[in-house]
Amino acid sequence: MSFRTYIERLAVRQDLVTIIEPISTRYEMAAVLKEMEPRPVLFENPHETQFRVLGNLFPNKATFADYFNLSVEEIIPTLSAAIEQRSPPRVVPEAPCQEVVVTNPNLDQLPILRHFENDGGRYITSGVVVAKHPQYGQNLDFHRCMQFSNNEMAMRVVEGRNFDTFLKDLKMVDIAVCVGCAPNVLAAAATSVEIGIDELEIANTLEPLDVVQAKSVDLYVPAEAEFVLEGTVYFKRKHAEGPFVDLTETQDVIRQEPVFEVKTITHRWDAIWQALLPGGMEHKLLMGMPREPTIFNSVNQVVRCLDVNVSPGGSSWLHAIVQIEKQDPEDGMKAIQAAFEGHSSCKHVFVVDKDIDIYNPLEVEWALATRFQGNVDMVVKDRERGSSLDPSGELGTHQTTKIGFDLTKPLGEESKPFEKVEYPQIDLGKFMKEIDEGTI
Ligand SMILES: Cc1cc2nc3c(=O)[nH]c(=O)nc-3n(C[C@H](O)[C@H](O)[C@H](O)COP(=O)(O)O)c2cc1C
């Protein structure tokens with residue numbers, strides 16, 4: 001399946017909202033996407049461009065699982081297996097993503113959205129960046145790009161990303177920014193693995209993938225992508241990037257970021273542009289979900305991990321709720337430490353027992369209220385490197401204080417007082433003639 005065939009599946013199932021009315025990429029589309037979340041929306045007639053635009057394609061785990069014909073519970077084991085059992089994609093000589101080749105690109109012709117009044121410019125937010133390093137090979141990740149001329153963009157590169165290492169080493173790096181990729185590529189690009197692992201191999205294990213040689217840079221790109229923007233990023237050439245609304249739905253600051261010069265654009269003849277709403281459900285899913293297998297694998301090294309939720313309440317980035325099968329009094333503390341190792345940007349970790357539903361915030365709060373004492377069940381890690389996305393972190397250094405909460409109950413007999421009682425079961429029909437769902 002591809003981005004394209006999944007859209008067709010949604011249309012057949014009438015899960016796709018199609019907007020025929022002419023609409024602008026300037027604020028209007030972002031507003032509609034926000035209003036319509038989690039429903040996927042296809043804009044047939046953008047004012048500014050010939051290309052159709054689609055957004056909200058994978059707003060939650062259920063849609064992601066649906067694409068792969070998985071259950072939601074199977075997502076973490078599937079993603080972690082794909083990291084372990086990587087496989088090289090097939091190279092094809094020709095590809096749909098190169099049906100049209102533009103050698104004097106003008107970014108104004110693309111449906112690059114302007115999302116918020118205060119944004120610094122039009123932004124590509126769904127772009128998967130492919131880059132290569134002579135020592136580490138190919139790397140895939142996401143970097144937002146702000147347009148500032150008809151062939152130049154400022155690219156946000158967070159300190160410490162693999163691509164940041166490439167740039168610092170090589171000073172100028174040829175890249176391809178792929179828009180309109182299937183979820184195997186999206187999930188792989190959003191997965192943080194050690195440098196030297198080509199995430200295209202993770203994508204190929206998630207779902208067989210064809211790649212093609214890019215037209216003007218020495219890279220392999222997903223053959224089924226809708227658009228590919230090829231060019232060079234210069235470490236020393238900087239341009240102001242921002243303001244931009246990021247994952248936490250707060251305004252991120254303006255920074256000087258490397259310039260991406262676009263030299264060639266290739267696309268399908270009837271290409272569809274993928275819009276990804278900043279701070280929206282899809283942004284949160286793609287940020288948080290790929291962190292769950294890395295936390296799961298890390299925790300499972302030291303205690304029996306059952307499930308992980310990088311929860312929406314923490315902007316799907318800053319909070320992790322970890323469910324364990326506690327077998328040793330120290331297991332809660334060990335799990336906290338391992339969870340922070342599995343996701344270095346995590347700020348608060350909550351470890352709970354298997355009787356707590358980690359997808360129900362009320363149950364997690366209940367465990368905090370009834371199974372936690374701050375003087376014995378808490379780990380405070382002061383002045384640690386945190387996430388640049390946390391507005392409360394120290395500006396520039398991103399120093400933050402990380403806290404782990406062991407919300408597990410004691411083992412054995414001592415656990416009795418912590419058990420939630422089961423209310424007696426009853427057949428209401430015995431006492432009420434008509435049980436009308438709506439009335440009680
Ligand atoms: C939708 C989305 C947008 C992102 N935007 C950026 C960005 O603008 N800059 C950045 O450095 N990381 C961004 N990230 C995070 C990285 O792309 C992601 O953490 C990636 O897995 C890092 O890969 P690496 O460990 O190979 O460096 C974004 C992630 C997602 C899912």
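The values are calculated or read from the model by the stated rules, or taken from the named source; none is laboratory data. Everything numeric in this text was worked out from a predicted model, so none of it was measured. Note that we place each Cβ from the backbone using ideal geometry, even for glycine, and neighbour counts take in every protein chain shown. Heads up: the accessible areas ignore ligands, DNA and RNA and are worked out on the full protein's heavy atoms, side chains in. Shrake-Rupley method; radii C 1.70, N 1.55, O 1.52, S 1.80 Å.
Below are the figures for this structure:
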quantity: Residues of segment 86-101 classified as open to solvent by 60 Å² or more (accessible area, probe 1.4 Å) and in a loop (DSSP other than H, G, I, E, B), total; calculated: 5
quantity: Segment 253-292, subset of a type in the set (A, V, I, L, M) and over 23 Å from Asp164 (Cβ atoms), residue nearest to the ligand (Cβ to nearest atom); calculated: Leu285
quantity: Matching option when the condition is under 16 Å from Val259 (Cα atoms), of a type in the set (Gly, Ala, Ser) and out of contact with any His (no Cβ under 7 Å at 6 or more places or on another chain), among Ser149, Ser126; calculated: Ser149
quantity: Residue ID - farthest from Asn184 (Cα to Cα), chosen from residues in segment 95-131 that are charged (D, E, K, R) and within 16 Å of the ligand (Cβ to nearest atom); calculated: Asp119
quantity: Any hit, segment 252-260, residues being among the acidic types (Asp, Glu) and more than 23 Å from Leu318 (Cβ to Cβ); calculated: no
quantity: Segment 144-203: number of residues that are within 28 Å of Asp66 (Cβ to Cβ), within 13 Å of the ligand (Cβ to nearest atom) and small (Gly, Ala, Ser); calculated: 6
quantity: Looking only at segment 243-275, and only at residues there that are of a type in the set (Lys, Arg) and in contact with a strand residue (DSSP E or B) (Cβ under 6 Å, 6 or more places away or on another chain), the one that is least open to solvent (accessible area, probe 1.4 Å); calculated: Arg255
quantity: Segment 120-132, subset of a type outside the set (S, T, N, Q) and open to solvent by 10 Å² or more (accessible area, probe 1.4 Å), residue nearest to Leu167 (Cα to Cα); calculated: Lys132
quantity: Flag for Gly342 being touching a residue at least 40 places away in the same chain (Cβ under 8 Å) and within 25 Å of Glu35 (Cα to Cα); calculated: no
quantity: Yes/no for Leu209 being within 10 Å of the ligand (Cβ to nearest atom) and surrounded by 22 or more Cβ atoms within 10 Å (Cβ to Cβ); calculated: no
quantity: Selection from segment 23-47 of residues that are open to solvent by 80 Å² or more (accessible area, probe 1.4 Å) and in a loop (DSSP other than H, G, I, E, B); calculated: Arg39, His47
quantity: Hey, Ala176 open to solvent by 10 Å² or more (accessible area, probe 1.4 Å) and either within 26 Å of Leu247 (Cα to Cα) or in contact (Cβ under 8 Å) with a residue 60 or more places away in the chain (or both) or not; calculated: no
quantity: First in segment 188-203 and closer than 16 Å to Met289 by Cα, second anywhere and aromatic (Phe, Trp, Tyr) and buried (at least 21 other Cβ atoms within 10 Å of the Cβ), Cβ under 9 Å, 6 or more apart; calculated: Ala189/Phe142; Ala190/Phe142
quantity: Residue within segment 396-405 that is more than 22 Å from Arg291 (Cβ to Cβ), open to solvent by less than 100 Å² (accessible area, probe 1.4 Å) and outside the structural domain of Leu318 (by TED's automatic domain parsing) present; calculated: no
quantity: Filtered residues of segment 76-90 (kept if charged (D, E, K, R) and over 20 Å from the mean Cα position of the chain (by Cα)); calculated: Arg90
quantity: Candidate set from segment 227-252 (those that are of a type in the set (D, E, K, R) and within 16 Å of the ligand (Cβ to nearest atom)); member that is nearest to the chain's Cα centre (by Cα); calculated: Asp246
quantity: Residue count for segment 324-338, restricted to those that are more than 17 Å from Val379 (Cα to Cα) and under 27 Å from the mean Cα position of the chain (by Cα); calculated: 1
